[in-house]
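Scroll down for the structure; my scribbles are underneath it.
Bear in mind that the values in this text are calculations on the coordinates, not laboratory data. Note that the coordinates shown come from a computational prediction; the quantities given were computed from them, not determined experimentally. With ideal geometry, Cβ positions are generated from the backbone for all residues, glycine too; neighbour counts draw on all protein chains shown.
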Amino acid sequence: MASAANTNLNAVRETMDVLLEISRLLNTGLDMESLSICVRLCEQGINPEALSAVIKELRKASESLKASENCAN
Amino acid sequence: MASITELLGSLCDCSLSGVSWKRRALGGVSREAFHRALKKRAYGALLSKLFQDGTKGSALAQSTIATTPPRNKVLMISFDLRVAGCREEAERLEEQLERLPEGASSGLKEVDAVLELLVHLAGSAPPPHTSF
């Protein structure tokens with residue numbers, strides 16, 4: 001039982017490493033933490049296209065915040 | 001297992017990394033207020049996609065793209081990379097795609113959905129800095 005869980009954990013880890021490398025090559029801007037969250041959201045049934053729109057929207061918002069911070073300095 | 005609400009909250013947290021909140025708090029923008037605003041925008045983006053009509057663009061072209069398996073879409077990007085002269089990146093991409101297990105052997109339920117997400121986000125980040 002524990003061995004089956006370990007095998008699955010190793011498979012997940014390996015798949016995540018490959019997905020992160022593909023993500024890097026595609027220049028998506030996702031780090032391991034945000035990729036893990038995205039994987040879990042996809043597993044919950046969130047539409048990938050809608051999720052990509054959410055990520056782009058969040059980037060726009062945080063970039064404008066960072067830009068205003070730079071202007072204030 | 002975390003709920004969609006919790007996961008979207010975590011995604012908002014990730015996008016706020018690197019922002020100095022001590023100085024922000026003095027200017028009247030608290031982390032909590034901005035986090036709430038971010039969540040609102042995230043839900044807005046998520047819901048707007050659910051209610052989009054299918055009248056934009058050619059219906060045939062849209063359905064062809066929609067039914068193309070995500071692995072093939074990655075191969076199409078790889079082809080574009082080759083055409084653009086980025087042979088090494090294209091080969092690395094194909095190599096990683098071959099390494100990516102399919103179905104249950106990946107340990108994940110939705111590998112293709114994640115690949116689809118990566119295709120949608122392809123090229124959305126600023127290019128990496130090159131050092132001279």
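Just a few scattered comments:
- Between A:ALA5 and A:GLU33, the contour length at 0.36 nm per residue exceeds the Cα-Cα span by 7.9 nm.
- The residues neighbouring A:ARG24, those whose beta-carbon lies less than 12 Å from its own, together hold a net charge of -3 under the Lys/Arg +1, Asp/Glu -1 convention.
- Fewest-first ranking of B:ARG41, A:ARG24, using other Cβ atoms within 10 Å as the exposure measure: B:ARG41, A:ARG24
- Residues in the stretch B:92-129 reached by a label modelled at A:GLN44 [backbone nitrogen below 19 Å; 7 Å Cα→Cβ]: B:108-118
- Likely footprinting exposure, B:VAL114, B:VAL19, fewest C-beta neighbours within 10 Å first: B:VAL19, B:VAL114
- For a modelled paramagnetic label at B:ASP13, 7 Å from Cα along Cα-to-Cβ, the residues of the stretch A:1-36 in reach, with backbone nitrogen under 13 Å, are A:33-34.
- Site pair B:ALA37 and A:ARG13 shows an inter-label distance of 4.1 nm when each label is modelled 7 Å from Cα along Cα→Cβ.
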